[in-house]
């Protein structure tokens, strides 16, 4: 259920996000539409995430940076406004240079998002767990972060800096890049595609040794380079946010695939009714009666 504490009710989504990531370690599921975001909130999660991979997939295209800022903002705004919990949006490489990154901050702030993630891949980006990625120079990414920080009108709006350097330049380079991004003003750090629990431990330890105190974000996407660790394990390692960006979409697609196969074979869905959300359950999720009364 949504958080109904008196203090949280008076907070903005941006200040709530900062508070949450500064105090404890949380699972952050990915929402690929507004209805799923409502399910995430109803299940008791306190932060949602809008992944570029899932929004791209729902449009029938791969995650290679094809979405424009206006397309992503439109989807992300519908998701963010459907729930009372804060939402972080994946802004890929920032849609261009520092000027475009600053514009993205303005647009996402106006769209009710609480934070924005940008990564240091080149514009022709790939999924973070595929081979053949290329990075922009560290100075170019730092300039984007500085532009994002300057563009904020709400200082609680979080800029999450993701580095894909582990797969391209190695773990030490990923650490050094993350340090530079924190010094440029990033509000959280996200090392992508680390390959073991020990690498997560080393990353967190080295960031702490440099007296950098911003929250660390981990990505628990499935079928990639990273082993699947629990939220509790990440808490012990010093991470505050654990993303599950594509988990819901993958599960939904598998279920639909199996349903369609049986529907094609048997010509009826009656054996699948126990797998379905009922009409009453769907209307409850949509707050249908409340909407009619309003």
With criteria (1) buried (at least 22 other Cβ atoms within 10 Å of the Cβ); (2) part of a loop (DSSP other than H, G, I, E, B); (3) touching a residue at least 60 places away in the same chain (Cβ under 8 Å), residue 94 comes up short on (3)
Just one listed residue, out of 101, 107, is free of Cβ contacts under 8 Å to residues at least 60 places away in the same chain, in contact with a helix residue (DSSP H, G or I) (Cβ under 7 Å, 6 or more places away or on another chain) and within 21 Å of residue 189 (Cβ to Cβ), and it is 101
Exercise. Would you say residue 41 is at pLDDT 95 or above and surrounded by 18 or more Cβ atoms within 10 Å (Cβ to Cβ)?
Worked result: yes
(message) Can you say whether residue 57 is part of a helix (DSSP H, G or I) and either buried (at least 22 other Cβ atoms within 10 Å of the Cβ) or touching a strand residue (DSSP E or B) at 6+ places or on another chain (Cβ under 8 Å) (or both), as far as the supplied structure shows?
(response) no
Screening 216, 194, 249, 237 for residues that are farther than 25 Å from residue 131 by Cα and in contact with a helix residue (DSSP H, G or I) (Cβ under 7 Å, 6 or more places away or on another chain) leaves only 237
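For every residue, the table says whether it meets (1) surrounded by fewer than 19 Cβ atoms within 10 Å (Cβ to Cβ); (2) touching a helix residue (DSSP H, G or I) at 6+ places or on another chain (Cβ under 9 Å); (3) closer than 20 Å to residue 244 by Cα.
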{"residue": "111", "(1), (2), (3)": "no, yes, no"}
{"residue": "116", "(1), (2), (3)": "no, yes, yes"}
{"residue": "121", "(1), (2), (3)": "no, no, no"}
{"residue": "135", "(1), (2), (3)": "no, yes, no"}
{"residue": "144", "(1), (2), (3)": "no, yes, no"}
{"residue": "158", "(1), (2), (3)": "no, yes, yes"}
{"residue": "173", "(1), (2), (3)": "yes, yes, no"}
So, residue 50, is that one within 16 Å of the chain's Cα centre (by Cα) and crowded, with 24+ Cβ neighbours inside 10 Å or not?
yes
Residue check: is residue 87 surrounded by 22 or more Cβ atoms within 10 Å (Cβ to Cβ) and either at pLDDT 95 or above or touching a helix residue (DSSP H, G or I) at 6+ places or on another chain (Cβ under 7 Å) (or both)?
-> yes
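Per-residue answers, yes or no, for (1) touching a strand residue (DSSP E or B) at 6+ places or on another chain (Cβ under 9 Å); (2) modelled with pLDDT under 95; (3) at positive phi; (4) not in a loop (DSSP other than H, G, I, E, B):
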{"site": "105", "(1), (2), (3), (4)": "yes, no, no, yes"}
{"site": "112", "(1), (2), (3), (4)": "yes, no, yes, no"}
{"site": "116", "(1), (2), (3), (4)": "yes, no, no, yes"}
{"site": "131", "(1), (2), (3), (4)": "no, yes, no, no"}
{"site": "141", "(1), (2), (3), (4)": "yes, no, no, yes"}
{"site": "147", "(1), (2), (3), (4)": "no, no, no, yes"}
{"site": "150", "(1), (2), (3), (4)": "no, no, no, yes"}
Note on residue 161: of the conditions (1) within 21 Å of residue 54 (Cα to Cα); (2) part of a loop (DSSP other than H, G, I, E, B); (3) under 16 Å from the mean Cα position of the chain (by Cα), unmet is (2)
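The values are calculated or read from the model by the stated rules, or taken from the named source; none is laboratory data. From a predicted model like this one, the values you see are computed outputs, not experimental measurements. Here Cβ is always computed from backbone atoms with ideal geometry, including for glycine, and neighbour counts include all displayed protein chains.
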